[in-house]
Amino acid sequence: MIHVLGLGLCPAHRSPETLDLIRSADLVAGGRRLLDELGIEESRRLPLGALEEFAARIQSRAEDGIVCVLADGDPLLYGIGASLLRFFAPRELTFHPNVSALQTACARFGLPWHECRALSLHGRDDQTPLFAALTHGSLAALYTDHLHSPDAIARLLLERGVTGWRMHVAEALGGPEEQLTTVTLPEAAQRSWHTLNIILLERTQAPTLTLELGLDENALAHAGALMTKQPVRAFALSLLRLPPDATLWDLGAGSGAVSLEAARLLDKGRVVAVERQAERVRHIKTNVERTGAWLVKAVHASLEYFLEDGKYAPPTHIFLGGGASEPVLSRCAALLAPGGRLVVAAVLLSTLETARAVFSRLGWPLTVHQLMHHASAPLGGDVRLVPSNPVFLLETQKPSSDT
């Protein structure tokens, strides 16, 4: 039998039943700090190591004995419990819940946590979940490590331009050195912190513009008519078929309108908005701040430079709103993840023919749509329909076997 025991944050959180289980176990497994703290004998201890070997030794001993696996806080909230479920069926493990650092920190700061987005950067280098949480939530809890300390997180957010949030930091929670601090992001970036900490990010100001589909073009910063119109955005996004965790490159992003509406659809994903004109990049950043679409990263670069840079994770989806030359299309095709979708907007027949030639050469399926939208306008006490310029939208999908 395998018991996975949450030990909470301090000795007071450990029930007599939990301690009896540990004393009677044939094997006690977990991090060295917990094993040492509980005085587990060498003959009964299994320090946490490589997970596959760790799980195999637990399984072997559990065939004829009782195994206890120790976890800080609650074992199923970014704990050892989730890791063990990669090797054991749920019915093979008995979980014993306990107080987590997340709920304790929320209690200390008086923050209801029923809608809190919990995430961890401990041992991870992908900050996408962090920016997604700030885009779609009002409270986020962040488990940290030595690389993702509160000051480092604050600098990361400030670099993205994040506003309207403050940081609560609980240090050494549950111990004699416990410290609770509420600071602005600039203040957090200038401080040093205890290595044991958990961060709560709380929204203090709602965005001035609601992040939604069909954004009002008059409310967005943009240069004249250089914006993908709302009907085209709606059709393009439907053709992209974005799942919640997509990585979208919006190339030739202009004002970033497509990026913003895509961000509304991406609960766990990311958007990279690439634009070569400095003024338009400023417009993208302004619009990100207005809507709070922090998962959109604005990049000032030519498409050619960006596509050769290799700095960003490969896209699962690409929207090419401008600059669809043969080299750009070919490079996009090479970088797109297998099975990924690509949508190209074109107003010139020459662009249409270039794209058709590229995808024909690649052997990719291609569907060409023409969109011409009419909107009503007053005329002589009545209304007339005013046409927009026709736009071609080309949709294709990279074959899954294409590497």
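The values are calculated or read from the model by the stated rules, or taken from the named source; none is laboratory data. Keep in mind the model is a prediction, meaning the values are calculated, not measured. Cβ: placed from backbone, ideal geometry, glycine included. Neighbour counts: every protein chain shown.
Rundown of residues vs (1) more than 25 Å from residue 347 (Cβ to Cβ); (2) in a loop (DSSP other than H, G, I, E, B), yes/no style:
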| position | (1), (2) |
| --- | --- |
| 287 | no, no |
| 306 | no, no |
| 314 | yes, yes |
| 322 | no, yes |
| 328 | no, no |
| 331 | no, no |
Name the single residue that is surrounded by the fewest Cβ atoms within 10 Å (Cβ to Cβ) among those in the stretch 108-164 being in a loop (DSSP other than H, G, I, E, B) and among the polar types (S, T, N, Q).
163
How about the stretch 294-348: which of its residues are more than 17 Å from residue 276 (Cα to Cα), at pLDDT 95 or above and surrounded by fewer than 16 Cβ atoms within 10 Å (Cβ to Cβ)?
326, 330, 334, 338, 339
Within the stretch 79-131, residues being within 21 Å of residue 263 (Cα to Cα), among the aliphatic types (A, V, I, L, M) and out of contact with any Phe, Trp or Tyr (no Cβ under 8 Å at 6 or more places or on another chain) number 1
Could you please let me know if residue 263 is among the aliphatic types (A, V, I, L, M), touching a residue at least 40 places away in the same chain (Cβ under 8 Å) and touching a Lys or Arg at 6+ places or on another chain (Cβ under 7 Å)?
no
When both residues are 6+ apart or on different chains and their Cβ atoms are under 9 Å apart, which pairs have a first residue that lies in the stretch 187-208 and is at negative phi, and a second that is surrounded by fewer than 11 Cβ atoms within 10 Å (Cβ to Cβ)?
194/177; 195/146; 196/177
Filter the stretch 207-241 for residues that are of a type in the set (Ser, Thr, Tyr) and modelled with pLDDT of 90 or more and give the result.
208, 210, 238
Residue 71 vs (1) farther than 15 Å from residue 5 by Cα; (2) small (Gly, Ala, Ser); (3) crowded, with 18+ Cβ neighbours inside 10 Å: all pass except (1)
